[in-house]
Amino acid sequence: MSSAAAKHLRPHEAGAIREALDAHVRYVEGLGGGRRAQLVRADLSNWNLEGAQLAEADLAGACLAGAVLAGADLSRCNLFGADLRDADLRWARLVRADLRGACLRGANLSGADLTECDLREGQIAMQTRREDFRILTHEDREGTLDYAVAAQADLARALVAADCREASLAGACLAGARMAAARLDGADLTGAQMAGADLTAACLRGAVVAGANLAEAGLTDADLQGVLRAPPPIFYVDDVPLHDMVADHETFCESQGARGAPIRAPELDFRALARLSGRRLSGLVAPQSIFFGLDLEGAQLQGADLRDCDLRKARLRGADLRGARLTGANLIAADLREAQLGPLHIAEGRILRTDLNRAQLRRADLRGADLRQARLLEADLEGADLSGADLRGAELVI
C-alpha cells in the first residue's frame with residue numbers, strides 16, 4: 001500500500017491484536033471477558049489467521065492484503081472497504097459478511113461460502129483536519145488494473161483476478177457488479193441477485209444458477225456449459241413422472257422383482273423430488289443424473305450406478321452406498337457422515353466394492369464413514385474430513 005494510502009491505517013502492536021482476537025473468541029462463545037474485536041483500519045497484512053474465529057468482527061477499512069484466512073469464520077463480519085488483495089480465503093466462511101467496496105484482487109476464494117454476503121459497491125471517506133473528506137484508495141501496481149475502494153469502486157475487477165471456483169454465492173447481492181472474465185466454475189449462485197451484472201466472457205461452467213436472474217445479466221461470450229438451472233416442477237421420462245418411477249422402483253425392490261420396475265435411465269434430474277431420505281433405491285441405474293443439494297439421508301443405494309452424477313452438497317448421512325459405482329461422481333461438499341461405502345456381499349465369497357475412482361470429494365464430510373476396501377484411485381480428497389472413517393483395505397493414494 002502506498003504511503004499516502006497507508007496513513008489511514010491504525011497502528012497496533014502484535015500482542016494487542018492477539019489479545020483482541022482471543023477476547024473475540026470468548027465474545028462469540030459467550031464466555032466471560034469476551035469483547036467484540038474492533039480492528040477498524042488495522043494493518044493485518046500478511047497475518048496468519050488460518051481458521052480464525054472472526055464472526056461479527058469489525059474489520060472495516062482494515063488491510064488484510066496477503067493474509068492467510070483459509071478456513072476462517074468471517075460470518076457477519078464488517079469488511080466494508082477492506083483490502084483483501086492476494087488474501088488466502090479458501091474455504092473461509094463469509095456468510096452475510098459486509099464486503100461492500102472490498103478489494104479482492106488476486107484473492108483465492110476457492111470453496112469459500114459467501115451466502116447472502118453483500119458484494120455491492122461501496123466507498124470509505126475520512127474527514128481531514130481541514131473539515132473536508134478524503135476518499136481512501138489502494139496503490140497502483142504494475143501490470144494490474146487500478147482499483148479504488150472509493151467512488152465508483154469496481155468490484156468486478158477484483159472478481160476478475162479472484163478465484164471464485166466452487167464458491168458459495170447463494171443469495172448474494174451482485175446487482176450491477178462488473179464481473180467480466182470472472183472465474184465462477186462450479187459456483188453456487190442459487191437465488192443470487194444479478195440484475196445488470198456484467199458477466200462478459202465469464203466462465204460459469206457447472207455453476208448452479210437456480211433462481212438467479214441471469215436473464216438480466218450481460219452474458220456476452222460467457223461460458224455457460226453445464227450450468228444447472230432451476231429444476232422442472234415435474235420431471236418426465238417417456239411421459240412417466242419421475243416420482244412414479246421411484247415408487248415403482250421401491251416396489252420392485254420390496255417385492256424382489258415380482259412387481260414394479262427398476263429405474264434404468266441416464267441424465268435424470270432428481271431435484272424435482274425435493275428429498276429422497278430413507279427411500280429404497282437399491283440397484284438404481286442413473287448415471288450422469290443430478291442430485292445437487294438433495295436430501296438422501298439414510299437412503300438405500302446399494303449397488304447403484306451413479307457414475308458421473310452431480311451430488312454436490314447432497315445430504316447422504318447414513319446412506320447405504322455399499323457396492324455403488326460412483327466413478328467420476330461430483331461429491332464436492334457432500335455430507336457423507338456415517339455413510340456405508342464398504343463392500344457389498346453379493347454371494348458366497350463374492351463382494352462388490354464401492355467404486356469412487358476419480359470422484360471429486362473436495363470438502364466432503366466423511367466423518368465416521370465406512371470406506372473399507374473402497375476404490376479411491378485418483379479421487380480428489382482435498383479438504384475432505386476423514387475423521388473416524390474406516391479406510392482399512394481401501395485403494396487410496398496418500
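The values are calculated or read from the model by the stated rules, or taken from the named source; none is laboratory data. These numbers come from a predicted model, not from an experiment. Virtual Cβ from ideal backbone geometry, glycine too; neighbours counted across all protein chains shown. Ligands, DNA and RNA are stripped out before the accessible areas are found, and what is left, the full protein with its side chains, is counted by its heavy atoms. Shrake-Rupley method; radii C 1.70, N 1.55, O 1.52, S 1.80 Å.
Kindly provide the helix-only [θ] at 222 nm of the chain, computed as the sum of -39,500 (n - 2.57) over DSSP H runs of four or more divided by all residues, to the nearest 500 deg cm²/dmol?
When only DSSP H runs of four or more count, the value is -3000 deg cm²/dmol.
Given a 1.4 Å probe and every protein chain left where it sits, what share in percent of the accessible area of segment 1-89 is carbon and sulfur?
Solvent-exposed carbon and sulfur of segment 1-89 make up 46 percent of the total.
Whole angstrom only: what separates the Cα centroid of segment 182-226 from the Cα centroid of segment 332-378?
Segment 182-226 and segment 332-378 have Cα centres spaced 33 Å from each other.
Place the peptides 263-274, 225-236 in order of packing, highest mean first, counting for every residue the other Cβ atoms within 10 Å and averaging per peptide.
In decreasing order of mean packing, 263-274, 225-236 become 263-274, 225-236.
How high is the relative contact order of the chain? Use alpha-carbon pairs under 8 Å, at least six apart in sequence, and give a whole percent.
This gives 6 percent for the chain.
Could you tell me which of rounded, prolate or oblate describes segment 168-270, using a ≥ b ≥ c as the square roots of the eigenvalues of the alpha-carbon gyration tensor, with rounded for a/c under 1.5 and, failing that, prolate when a/b is larger than b/c and oblate otherwise?
It comes out prolate by the Cα gyration axes.
With every protein chain left in place, what is the accessible area per residue of segment 243-282 in square angstrom, probe 1.4 Å?
On a per-residue basis, 54 Å².
Which of the peptides 184-194, 370-380, 9-19 is most tightly packed, and how do the rest follow, going by the mean number of other Cβ atoms within 10 Å of each residue?
184-194, 370-380, 9-19
With θ set to phi - 60° and the Karplus curve 6.51 cos²θ - 1.76 cosθ + 1.60, what are the ³J(HN,Hα) couplings of segment 57-66 in order, to the nearest whole Hz, using x for Gly and Pro?
Values, residue by residue: 5, 9, 10, 4, x, 6, 9, 10, 4, x Hz.
Angle check, please: helix 14-29 long axis (alpha carbons) against the longest principal axis of the chain (alpha carbons), in degrees 0 to 90, nearest 10.
That helix lies at roughly 50 degrees to the long axis.
Helix 242-254 versus the longest principal axis of the chain: what angle, 0 to 90°, nearest 10, using Cα atoms?
Helix 242-254 and the main axis of the chain meet at about 50 degrees.
For ARG367, what is the net charge nearby, where nearby means another residue's Cβ is under 10 Å from its Cβ and Lys, Arg count +1, Asp, Glu -1?
Cβ neighbours under 10 Å give a net charge of -2.
Take peptides 24-31, 61-68 and line them up by average Cβ neighbours within 10 Å, highest first, as a rough protection proxy.
Result, highest mean first: 61-68, 24-31.
What is the percent carbon and sulfur in the accessible area of segment 261-325, measuring with a 1.4 Å probe over the protein chains and ignoring ligands?
Carbon and sulfur together cover 40 percent of it.
Amide H to amide H, which residues 5 or more places from LEU228 or on other chains are under 5 Å from it, using H placed in the peptide plane?
ALA207, VAL208, VAL209
Decide, for segment 289-398, between rounded, prolate and oblate: order the square roots of the alpha carbon gyration tensor eigenvalues as a ≥ b ≥ c, take rounded if a/c falls under 1.5, and otherwise choose prolate if a/b is larger than b/c, else oblate.
rounded
Give me, ordered by chain and number, the residues 5 or more places off ALA177 or on other chains with an amide H under 5 Å from its own placed amide H.
Amide H to amide H, under 5 Å and 5 or more residues apart or across chains, ALA177 pairs with ALA197, ASP198.
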